[in-house]
Each structure stands twice: as C-alpha cells, then as structure tokens.
Amino acid sequence: MYQEFGSSLMAFVLKLTGHDRQWAEDVVQETLIKAWRNAGKLDRQPEMLRAWLFTVARRIVIDGWRSRSARPQEVEELESDSIGVPDESEKTLAAMIVYEALRNLSPEQREAVQQTYLRDRTVNEVAATLGVPPGTVKSRIHHAVRALRRALQERG
C-alpha cells in the first residue's frame with residue numbers, strides 16, 4: 001500500500017500541514033497504521049482505497065490543527081536571572097514630548113486635535129460640537145499637525 005500510494009499521500013499531506021515534513025510523515029504513518037488495522041473492512045479497488053487513505057489523512061491533519069489551536073504553545077522556561085523587565089522610559093519620554101508639544105498649540109487647535117485624533121471623532125462631529133464649520137475644524141487640524149511636526153522635529 002505504501003509503495004502504491006505513499007508518495008502521492010505524502011505530497012497531499014505536506015500541503016495540508018503547511019509543508020511541515022515531520023508532521024506530514026507522522027500523519028502518513030498514522031494513516032497507514034489505520035489502514036492496516038482496518039484491512040479486512042477496506043475496499044480493495046485502488047481508487048476506493050486511495051480515497052479512503054486521503055480522507056483519513058485529511059481528518060488526522062484537521063484533528064492536529066484543532067488540538068494545536070486548543071492548547072497553548074509550549075515555551076522554554078527561562079532562568080530567573082535572564083528575565084528582562086521592559087523599559088518603558090522611551091514611551092514615557094515620547095509621551096512627555098508630545099504632551100509638551102500639544103500644550104504649545106492654541107486652545108482651538110488643541111481641542112480640534114483632541115477631538116479628532118484622541119477621541120476618534122469625525123470632522124463633522126467636531127464641527128457640530130464646537131459650533132464651527134467643518135472647514136474651520138480642518139484648518140485647525142492642518143495647522144496643529146504642522147506645528148506639532150515642527151515641535152517634535154526640534155525635540156528630536
């Protein structure tokens with residue numbers, strides 16, 4: 001059976017396993033073991049036997065994908081001496097620089113930026129809230145972004 005169907009079964013299973021050769025070999029082996037255990041029940045016609053083998057292999061791969069997604073990925077345990085603590089200083093410094101740059105905007109520009117970028121509102125929503133035309137909001141945002149860009153470039 002392996003001589004007749006082994007290479008085509010392996011090629012089929014390789015595609016199903018994302019070209020993971022070790023997993024594909026395991027699937028082919030398990031498929032052939034199931035065929036051997038069920039030899040008395042199998043239809044001996046080549047096309048029927050091939051269909052049975054490919055169906056069993058596909059189901060084994062599906063079960064493998066399901067079990068891999070159901071359990072967490074195993075990872076090596078690290079030595080306690082080598083565990084790093086994330087350094088948040090860069091984020092903190094960047095936030096301070098942005099905050100300072102925002103403080104230097106006019107109150108109208110700052111409000112437009114906060115409403116659109118930080119609160120994720122549309123220009124029309126901000127215009128309605130502030131009681132100004134949408135073009136005015138767009139203009140404030142445009143000038144605010146240019147001023148922020150300059151301020152951030154100056155600070156590096």
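Each reported figure results from applying straightforward, stated rules to the coordinates on display, with no laboratory input. Just so it is clear, the model here is predicted, and its values are computed rather than measured. Every residue, glycine among them, receives a Cβ derived from its backbone with ideal geometry; neighbour counts consider all protein chains shown.
Some points to look at:
- Amide H contacts of R121 (H built 1.01 Å from N, under 5 Å, at least 5 apart or other chain): T116
- Over region 81-156 - Rg/Rh using Cα atoms and the Kirkwood inverse-distance radius: 1.16
- Take the chain and mark each of the trypsin sites (Lys or Arg not before Pro) that is in a DSSP loop with at most 11 other Cβ atoms within 10 Å; the longest unmarked stretch, sites excluded, is 45-118.
- The distance linking region 3-47 with region 105-125 is 62 Å (Cα centroid to Cα centroid, whole angstrom).
- Dmax and Rg, reported as Rg then Dmax, of region 21-67 (C-alpha, Å): 11.1, 33
- Orientation-averaged projected area, Cα convex hull of the chain (nm²): 19.0
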